[in-house]
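To start, the structure under review is shown below, and the notes come after it.
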Amino acid sequence: MSAPRTPAPLVLSIQSQVVHGHVGNSAAVFPMQAAGLTVAAVPTTLLSNNPHYPTMRGQVLDAALVEDLLLGLTERGLIEKARFLVTGYLGSAEIGAAVARFVRLAKARNPELVYICDPVMGDIDLGVYVKPGIPELMRSELVPLADLLTPNQFELGLLTDHRTGTAKELSGAFQALCDARPTGANAPTGVIATGCVLADTPQNHLDTVLVQASGLHRCPVPRLPVRPAGTGDLFTALMIGQLATGTPLPAAVAHAVGAMQEVLARTAEAGAEEMVLNGFSATS
C-alpha cells in the first residue's frame with residue numbers, strides 16, 4: 001500500500017476578483033494552483049474588469065460579507081492548515097479593518113503562517129488610487145504584521161515617507177519599516193520592491209529589488225512595450241509558488257521575475273490589453 005500523499009500547501013488569498021482580465025485573485029490563483037498549491041480565495045471586490053477600461057461594472061464587496069467569508073474560512077479550520085496568507089487590493093478601509101482583524105487572529109492561531117502583504121495603493125504615474133483611509137490602515141495595521149512585503153517603488157515610499165531612488169534609499173526605507181514595528185515584534189524577513197527605476201538601473205530596464213537586513217538582491221530586466229494591470233499580483237503569486245517548495249527567498253524572487261518577463265513578452269507579442277497566461281507554466 002502506498003503511503004498517504006502529503007497535502008498540498010494551502011494559501012489563503014484575500015484580494016480583488018474580476019470577470020475579465022487578470023488582477024487580484026484572478027491573476028494569482030491560477031499560477032499558485034499550477035505550482036501545486038491549494039488556494040482558498042476570498043474576494044474583496046467582484047468587478048467586470050479593472051478600472052482602466054471606459055466602464056466597470058460590479059462592486060467592492062460589503063465589509064460585513066468579507067468578514068463573514070473569513071469567519072467561514074476560520075470555521076473550516078483553514079487557518080491552522082495554511083502555510084501562507086497573502087493580502088492585496090482591499091477595496092475599502094472597512095474591508096481593510098476586517099482583514100487586519102483576521103490577520104491578527106491567523107498569526108495568533110498559526111505562528112508558522114507566513115503573511116505576505118502586497119500593499120496595493122498606487123503607482124508613480126497614477127498616484128494613490130485607493131479609497132481614503134486605506135494607506136493609513138495599511139501603514140498602521142497590516143504592514144506591521146507582515147513577514148514579507150511586495151510594494152512597488154511608489155508604494156514603498158508612501159509607506160515609509162522615504163525616498164526610494166537609490167539602493168541606499170531602499171535600505172533606508174526597509175529600516176524605517178523595521179523601526180516602526182512595536183517593541184519586541186520581529187522585523188520583516190524582506191521587502192521586495194517591484195518596478196523600480198533607481199539611479200543606476202540600466203537604461204530601458206526595470207529593477208526588482210529584494211531588501212533584507214543582510215543586504216540587497218537586484219534583478220534588472222529589459223522594459224517591454226506593454227503594461228497590463230495585475231503584474232504585481234501575478235509576481236507575488238509566482239514567488240509564493242517557489243517559496244512553497246523551499247526555494248530560498250532570493251532565488252524565489254529571481255524566478256518570479258524571469259517568469260513575469262516571459263508572460264509580458266507573450267502579452268506584448270499578442271498585442272493584448274490583459275496578461276496572456278495561456279500556456280503558462282509555473283515551473284518554467
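The values are calculated or read from the model by the stated rules, or taken from the named source; none is laboratory data. Small disclaimer: the values here were computed from a predicted structure and weren't measured. Here Cβ is always computed from backbone atoms with ideal geometry, including for glycine, and neighbour counts include all displayed protein chains.
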Inset, instruction - Considering each residue of segment 214-244, count those that are among the aliphatic types (A, V, I, L, M), in contact with a Ser or Thr (Cβ under 9 Å, 6 or more places away or on another chain) and either assigned to a loop (DSSP other than H, G, I, E, B) or at pLDDT below 95 (or both), and give that number. - result: 2
Legend entry - Total residues in segment 80-128, condition under 27 Å from L47 (Cα atoms) and over 19 Å from the mean Cα position of the chain (by Cα): 2
Inset, instruction - Name the residue, out of F174, F235, that is over 21 Å from L126 (Cα atoms) and among the aromatic types (F, W, Y). - result: F174
Inset, instruction - Give me the pairs, please: first residue somewhere in segment 199-212 and modelled with pLDDT of 95 or more, second residue anywhere and charged (D, E, K, R), beta-carbon distance under 8 Å, and either six or more positions apart or on two chains. - result: T201/D207; N204/R223; H205/R223; L206/R223; D207/R218; T208/R218; V209/R218; L210/R218
Legend entry - Among the residues listed as P132, P119, the single one being in contact (Cβ under 8 Å) with a residue 12 or more places away in the chain and either surrounded by fewer than 18 Cβ atoms within 10 Å (Cβ to Cβ) or part of a strand (DSSP E or B) (or both): P132
Inset, instruction - Hey, can you tell me all the residues within segment 78-106 that are in contact with a Lys or Arg (Cβ under 9 Å, 6 or more places away or on another chain), surrounded by 23 or more Cβ atoms within 10 Å (Cβ to Cβ) and among the hydrophobic types (A, V, I, L, M, F, W, C)? - result: L85, L90
Inset, instruction - Return the total of residues in segment 38-66 being buried (at least 19 other Cβ atoms within 10 Å of the Cβ) and in contact with a Phe, Trp or Tyr (Cβ under 8 Å, 6 or more places away or on another chain). - result: 2
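So in segment 139-197, with the set limited to residues that are part of a helix (DSSP H, G or I) and of a type in the set (V, I, T), which one is surrounded by the fewest Cβ atoms within 10 Å (Cβ to Cβ)?
The extreme case among them is V143.
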Inset, instruction - Within segment 200-214, count every residue that is loosely packed, with under 13 Cβ neighbours inside 10 Å and touching a helix residue (DSSP H, G or I) at 6+ places or on another chain (Cβ under 8 Å). - result: 2
